[in-house]
Amino acid sequence: MIKNHNGQEPTKILEFLSEIFKPFLGDENLYIEIRPLPQEGKVKRKVSQIRHKGIPVNGLRYLFPLTNEGLSDAVDFALKANENGYHAYFGVLPRTANGEVYTSEIFTLYQDLDFHDEEVSATEIKNRLKRLYENYEIVPNIAISTGRGIHYYFLLEKPIDHKTFKAVQTVICKTLKADEKVQKTSKES
C-alpha cells in the first residue's frame, strides 16, 4: 500500500517507485497501476471526486504513465485517496494501456510477509532470509515495514520472462513463508 508512514515525505515514496520502475521510466506505452480500495465506513469522497490525471480501467484501477511526471501524479493520487478513506495499492509490474500486466520483461520480484495474528520474531525473519541467500544467493534490495508485516522487493539487473518469474517467486515464497496470493500476476488470475 502506498501510505505516508510516520510523516514520510512524498518524495521518499516517489524515490521508491522510481527505483522499482527504473528499467521502464520514460516508456510512455507502460503504466503504473494504482488501486484505491475503500475502507469500510471511512470513505469521505468517491474516487471519481478526487482530482487526478490517471486513466480509469476496469473499476477501481487507474493507470499513470511511467514517466517522472506520471509517477509523481500517481503518488499524489494515492495519498489523496488515502486521505479520503481508501487504501491505495500499486501494481509492482508495469501495465499496458489496456491495464494488462506487462510480462515480456520482468525486472522486479516481490514478496509479502503478513503476520496478522502470528508472532514472528526478528530472528526467525533473519533465518528465513539467511536460508534464501545460502540456498539461492537471493537477497532483497528493498524491505518495507507495513505495520503487519514486511514487503520485500528484489531488483534484477537483467530481465526475466514470465515462466522464470513464476518459478523464482515460488522458491522465494516458500523459503520466506510469504503470502502465496502474491505469486500470481493478473495474467494468471
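Please treat every number below as a calculation from the coordinates, not as lab data. As the structure is a prediction and not an experimental result, all values here were calculated from the model. Every residue, glycine among them, receives a Cβ derived from its backbone with ideal geometry; neighbour counts consider all protein chains shown.
Give the residue list of trypsin sites (Lys or Arg not before Pro) in the range 39-131 that are DSSP loop and have at most 13 other beta-carbon atoms within 10 angstrom. Don't skip to the answer; put the middle values down first.
Working: sites: LYS42, LYS44, ARG45, LYS46, ARG51, LYS53, ARG61, LYS80, ARG95, LYS126, ARG128, LYS130, ARG131; in loops: LYS42, LYS44, ARG45, LYS46, ARG51, LYS53.
Here the trypsin sites (Lys or Arg not before Pro) that fit, given the DSSP loop and packing criteria, are LYS42, LYS44, ARG45, LYS46, ARG51.
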* Asked: How far is helix 162-176 tilted, in degrees, relative to the longest principal axis of the Cα atoms in the chain, given as a value from 0 to 90 rounded to the nearest 10?
  -> 70 degrees
* Projected onto the charge dipole of the chain (+1 at Lys/Arg Cβ, -1 at Asp/Glu Cβ, origin at the Cα centre), which of ASN82, PRO10, HIS162 gives the Cα projection farthest towards the positive end? -> ASN82
* So which GluC sites (Glu not before Pro) in the range 32-91 end up in coil per DSSP with only 10 or fewer other C-beta atoms within 10 Å? -> GLU40
* Asked: Pairing the Cα long axis of helix 68-83 with the longest principal axis of the chain, what angle in degrees results, from 0 to 90 and rounded to the nearest 10?
  -> 80 degrees
* Candidates [x] 0.95; [y] 1.11; [z] 1.03; which is the computed Cα Rg over 2.2 N^0.38 Å? -> [z]
* Helix 122-136 vs. the chain, principal-axis angle (Cα, 0 to 90°, nearest 10) -> 70 degrees
* Estimated inter-spin distance, LYS22 and THR170, nm [label 7 Å along Cα→Cβ] -> 2.9 nm
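Dipole size in debye (nearest 20) for the chain around its Cα centre, Lys and Arg Cβ +1, Asp and Glu Cβ -1? Working shown, then result.
Details: 26 positive and 26 negative charges, 87 e Å.
Using Cβ point charges on Lys, Arg, Asp and Glu, the chain gives about 420 debye.
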